[in-house]
Amino acid sequence: MPLNIPNLLTLLRILLIPIFVLFFYLPFSWHYVATALIFAFAALTDRLDGYLARKLKQVSPLGEFLDPVADKLIVVVALVLLVQAHHNAWLALPAIVIVSREIVISALREWMAELGKRQKVSVKGIGKYKTVGQMIAIFILLSQNPESIGFVTLLGYVLIYAAALLTLWSMAIYLQIAWKEVKTLS
């Protein structure tokens, strides 16, 4: 198992999840900001591990597997916590869209890999924008008390809806690419 610097950063992101959850539930007024900062740190390690893997020529099958898993885990955990804290359909709807897309695309990638076409559904530019949009929206929403709806919280809601739309758009692109590949196999 190649435990190089990029893979260690990815593992750190996964190990931060229980700490992230713990801080989310701390009974202190500053827990919102602390939780958001932990999430932001995890998001930054996502950018850093990919950069270092390419720069240091340490791209590995383990890293290619773990990186998207770590991303999905922290995003899904954050969305579950946010939906629970905000307890409204306005946040539940984009969260359902985002989580559902992650499940569909993960299954699609696995299936395409079985067909020997995994590269056809590798991460595209729109997927990267989607991820950045999600991370910013989640950071904003985590940093705010869900009981006090102000401008920043509303901005977080707008951004999570924008991320959900990018999520649907990227899913449509991946499904269209996969459909073309499947049709050529028939």
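Mind giving me the nanometre distance, one decimal, between the label points for Glu110 and Ala92, set 7 Å out from Cα along Cα→Cβ?
In this crude label model, Glu110 to Ala92 measures out at 2.7 nm.
Relative contact order (percent) for the chain, with alpha-carbon contacts under 8 angstrom and 6 or more residues of separation? Before the final figure, lay out each step's value.
On the way: 174 pairs, mean separation 45.6, N = 186.
Over the chain, the number comes to 25 percent.
Which part of the stretch 81-120 falls in the paramagnetic zone of Ile149, meaning amide N under 17 Å from the point 7 Å along Cα-to-beta-carbon?
82-95
Given C-alpha coordinates of the stretch 64-154, what is the ratio Rg to Rh with the Kirkwood estimate of Rh?
1.04
Could you state the per residue volume, in Å³, of the convex hull enclosing the Cα atoms of the chain? Don't skip to the end; give the middle numbers.
Values: hull volume 21.5 nm³, N = 186.
Enclosed volume per residue, from the Cα hull, is 116 Å³.
Based on the Cα coordinates of the stretch 27-78, what is the per residue volume of their convex hull in Å³?
Dividing the Cα hull volume of the stretch 27-78 by its residue count gives 70 Å³.
Report the extension gain between Lys55 and Leu22 in nm, rounded to one decimal, defined as 0.36 nm multiplied by the number of residues separating them, less their alpha carbon distance.
This chain segment gains 8.5 nm when fully extended.
Compare Thr45, Thr184 by solvent-accessible area with a 1.4 Å probe and give them largest first, with all protein chains kept in place.
So, going from the largest accessible area down, we get Thr184, Thr45.
Determine the gain in length on full extension of the stretch Ile103-Gln176; use 0.36 nm per residue of separation and subtract their C-alpha separation, reporting nm with one decimal.
Length difference between fully extended and current span is 24.6 nm.
The values are calculated or read from the model by the stated rules, or taken from the named source; none is laboratory data. All values derive from a computational prediction rather than experimental measurement. Don't worry about glycine lacking a Cβ; one is built from the backbone with ideal geometry, like all the others, and counts go over all protein chains shown. Keep in mind that these areas ignore ligands, DNA and RNA; they rest on the heavy atoms of the full protein, side chains included. Shrake-Rupley method; radii C 1.70, N 1.55, O 1.52, S 1.80 Å.
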